[in-house]
1. Scan PHE72, PHE83, PHE78 and give me the residue that is out of contact with any helix residue (DSSP H, G or I) (no Cβ under 7 Å at 6 or more places or on another chain) and part of a strand (DSSP E or B).
2. If you go through region 95-121, how many residues are open to solvent by 50 Å² or more (accessible area, probe 1.4 Å) and under 25 Å from ILE54 (Cβ atoms)?
3. Can you name every residue in region 122-167 that is among the hydroxyl-bearing types (Ser, Thr, Tyr), modelled with pLDDT of 95 or more and over 23 Å from TRP50 (Cα atoms)?
4. For GLY115, are the conditions met, namely being at positive phi and modelled with pLDDT under 95?
5. For the structure I just gave you, tell me whether VAL97 is under 22 Å from GLY45 (Cβ atoms), modelled with pLDDT of 95 or more and within 27 Å of the chain's Cα centre (by Cα).
6. So, THR55, is that one without any contact (Cβ under 8 Å) to a residue 40 or more places away in the chain and either surrounded by fewer than 17 Cβ atoms within 10 Å (Cβ to Cβ) or aromatic (Phe, Trp, Tyr) (or both) or not?
Amino acid sequence: MRFALPKLIQVGIIVLLLGGASARATPLYTFNLVPLNGMVSGAPGTTVGWGYSITNNSTDYLVTTAINSDIFANGMPFALFDFPAIAPNNTVTEAFVANISGLYQLTWDNNAPVGLSNAGLFVLSADFYSGDPLAGGTFLSSADDTFAAYSATVMTPSSVPEPSSFALLSLGLALAAWFALRPGYKRKQV
């Protein structure tokens with residue numbers, strides 16, 4: 001009997017470890033940003049944004065209900081999210097296209113300081129339904145909120161190189177020489 005207590009403790013530890021492993025099982029749904037690292041950048045006055053990918057790992061329909069974000073500075077945020085209902089074991093992916101599709105967009109102010117970065121979390125809320133909610137599926141429960149980290153950085157505008165005066169002069173002289181030397185060109189006699 002003296003060794004019964006340590007054996008019981010060992011069994012208890014094994015049960016706790018196995019219980020912890022089952023707690024790390026596949027989540028009922030996943031939410032990821034496109035790009036996957038959540039990092040976007042653009043010059044002042046431009047629009048940047050994020051797409052999304054949501055995978056429903058459950059046996060029930062997942063109906064997205066809300067998307068929220070932390071506060072953005074020096075820009076105008078706009079949610080593009082289309083609130084998909086996702087069948088069991090399916091994935092919906094939506095690329096970012098400014099003013100058309102994706103998760104969220106941010107239009108930087110024209111005077112946004114270069115180097116400024118907005119970072120935070122997008123929060124996705126959803127519910128589970130017994131079937132397609134548009135075909136009679138009934139509400140089962142609210143899903144846990146899921147988070148995705150993002151960052152948006154103001155970058156230096158990419159400059160369009162201006163052709164130098166010498167290059168323009170050279171091009172003009174080359175064109176004049178080509179016209180003057182081409183076959184069939186007749187010079188006026190004075």
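1. PHE78
2. Number satisfying all stated conditions: 7.
3. Those that are among the hydroxyl-bearing types (Ser, Thr, Tyr), modelled with pLDDT of 95 or more and over 23 Å from TRP50 (Cα atoms): TYR129, SER130, THR138, SER141, SER142.
4. So GLY115 fits the description; yes.
5. Yes.
6. Criteria not met by THR55.
The values are calculated or read from the model by the stated rules, or taken from the named source; none is laboratory data. Not measured: the values here are computed from a predicted model. Heads up, the Cβs are rebuilt from the backbone with ideal geometry, glycines too, and the neighbour counts pull from every protein chain shown. Ligands, DNA and RNA are stripped out before the accessible areas are found, and what is left, the full protein with its side chains, is counted by its heavy atoms. Shrake-Rupley method; radii C 1.70, N 1.55, O 1.52, S 1.80 Å.
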